[in-house]
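Report on the following structure.
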């Protein structure tokens with residue numbers, strides 16, 4: 001039996017470019033005391049293989065609990081199962097559109113829908129550009145429903161020395177949105193005044 005104060009966070013990885021964001025999030029949360037629930041879409045499996053050095057099995061080992069995208073009877077498909085919220089990292093336009101329209105064709109979009117209806121934080125790291133009017137209308141619809149649209153945009157004020165630096169900062173800032181503080185974020189200190 002799980003402790004009553006155990007914290008659960010749902011992480012979805014879709015087929016959009018940027019699977020490393022979800023993977024890094026799992027790595028960071030590994031020893032945080034937060035139980036991670038992972039959903040990997042079928043398309044994400046291809047993206048993981050083509051963009052990263054990880055295997056699907058390797059990514060799944062980083063999570064505490066893995067749910068098949070087809071398992072609509074999973075705990076996280078019900079609002080009665082309490083979570084801290086959900087992050088979709090990265091979030092494809094297809095998944096974003098499903099959530100925006102209430103179409104829940106998989107556990108990933110169902111878990112996001114549940115997160116919204118229960119008024120829990122839902123962070124969508126939407127990975128697409130350029131955006132047309134339908135994309136923007138769906139983002140507006142989601143923002144009005146309480147979702148946080150957080151595209152993975154690098155912050156250059158941190159003077160990143162590598163792609164890894166940019167990924168870490170973005171993941172840290174995304175976790176900030178859920179109240180999870182990490183040592184990954186180089187905080188803005190203001191401009192240095194010159195004499």
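Throughout, read-outs are computed from the coordinates displayed, never taken from laboratory work. These numbers come from a predicted model, not from an experiment. No Cβ is skipped: glycine too gets one built from the backbone with ideal geometry, and neighbour counts run over all protein chains shown.
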Nearest-5 percent of antiparallel DSSP beta bridges in region 1-80? 0
Hey, rough spin-label estimate for residue 42 and residue 177, points 7 angstrom out along Cα→Cβ, what's it come to in nanometres? 2.8
Quickly estimate the mean residue ellipticity at 222 nm for the chain, helices only: each DSSP H run with n ≥ 4 gives -39500 (n - 2.57), and the total goes over all residues, rounded to 500. -11500 deg cm²/dmol
For 107, 140, what's the fewest-to-most ordering of other Cβ within 10 Å of each Cβ? 140, 107
Rg over Rh of region 67-180, using C-alpha atoms and the Kirkwood radius, what does it come to? 0.99
Give me 134, 48, 39, 72 ranked fewest to most by other Cβ atoms within 10 Å of their Cβ, as a rough exposure proxy. 134, 72, 48, 39
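Which shape class applies to region 1-111: rounded if a/c is under 1.5, otherwise prolate when a/b exceeds b/c and oblate if not, where a ≥ b ≥ c are the square roots of the Cα gyration tensor eigenvalues?
It comes out oblate by the Cα gyration axes.
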Can you work out the base-10 log of I(q)/I(0) for the chain at q = 0.12 1/Å, using the Debye formula on its C-alpha atoms alone? -0.56
Each label point is 7 Å from the Cα along the Cα-to-Cβ direction; what then is the distance between the points at residue 101 and residue 153, in nm? 2.7
Using the count of nearby Cβ atoms within 10 Å as a rough guide to exposure, how do 54, 157 rank from fewest to most? 157, 54
Extended-chain gain in nm, criterion 0.36 nm per residue less alpha-carbon gap, residue 55 and residue 137: 26.0 nm
Rounded FRET efficiency, nearest 0.05, which uses the C-beta distance separating residue 128 from residue 188 and R0 of 25 Å: 0.40
Nearest 10 degrees, 0 to 90: what angle lies between the long axis of helix 19-29 and the longest principal axis of the chain (Cα atoms)? 90
How tilted is helix 42-51 with respect to the longest principal axis of the chain? Cα atoms for both, answer in degrees (0 to 90, nearest 10). 30
